[in-house]
Amino acid sequence: MSIVLAGYGLTKKYGSTTALAGVDIEVGERDSLAIMGPSGSGKSTLLHTLAGIIRPDGGQVLLGGERIDRLGENRLSALRRSRFGFVFQSGQLLPELPAEENVALPLMLEGVPRKQAVERARRWFAPLGLDGLERRRPGQLSGGQAQRVAIARALVVAPDVVFADEPTGALDQATSHEVIRLLTSVTREQGAALVMVTHDADMAAHCDRILQVSDGRIGTYDQFTVA
Ligand SMILES: Nc1ncnc2c1ncn2[C@@H]1O[C@H](COP(=O)(O)OP(=O)(O)OP(=O)(O)O)[C@@H](O)[C@H]1O
């Protein structure tokens, strides 16, 4: 397995609370990894640390073998925009923009002219089952459609890694399965890895691997493939 993203010896404290107590984690190319564990166990802290949003107190984060946790804020945020994609629970789309412009936004932030960015964004609608919804505003989309738009937006920059934090937390079970199936398959087809935090074992089962976090540490490390 060729490793795209890794964290070694990651520690993070908030006052007297230890959120990460020395975590080692490796994510391979096209790997999909679910992070599970009880509330407050450190899942989001781990995801945000790997994504360069939170700086660890100790340890290292490497992207493509290059250490990123010590980069300056400008370089780090440029790297987050160009090499990572993010899908959150909900409410991440800009309500005043049509779906296609929401998807195009990361490209425009990278300096791609608007017309070209929207053209590239549109290509994502059919593969994600969103044909015909390009001009809809987020308020005119169902929860599942909005999350598929968010997936398109995460993938439009051709990231190395997509991070998803409870991406189906606001959806019903049937829609959740559909969204996670698309998230895992399209991410893999694009050659990106997926790191997903979820409370839901049924959603985690769509990933190649499940990692259990408890008290800021990695517990059992199950490896299995979904049929
Ligand atoms: N900004 C912060 N300030 C203070 N404490 C924090 C902060 N962020 C997280 N913590 C604490 O760190 C620990 C780990 O939090 P984290 O959000 O990573 O857990 P989690 O497993 O994602 O929880 P949940 O499933 O409830 O979202 C918790 O005890 C939490 O209260």
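Structure values in brief
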quantity: Angle between the chain longest axis and helix 143-155 axis [Cα atoms, degrees, rounded to 10]; calculated: 70
quantity: Taking N as its residue count, the alpha carbon Rg of segment 104-220 over 2.2 N^0.38 Å; calculated: 1.13
quantity: Between helix 173-189 and the chain: long-axis angle, C-alpha atoms, 0 to 90°, nearest 10; calculated: 90
quantity: When the convex hull of its Cα atoms is projected in every direction, mean area for the chain (nm²); calculated: 12.3
quantity: Under 5 Å, built H, 5+ apart or other chain: amide partners of Arg217; calculated: Ala21
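No value in this document is a laboratory result; all are computed from the given coordinates. What you see is a predicted model; the values in this text were computed from it and never measured.
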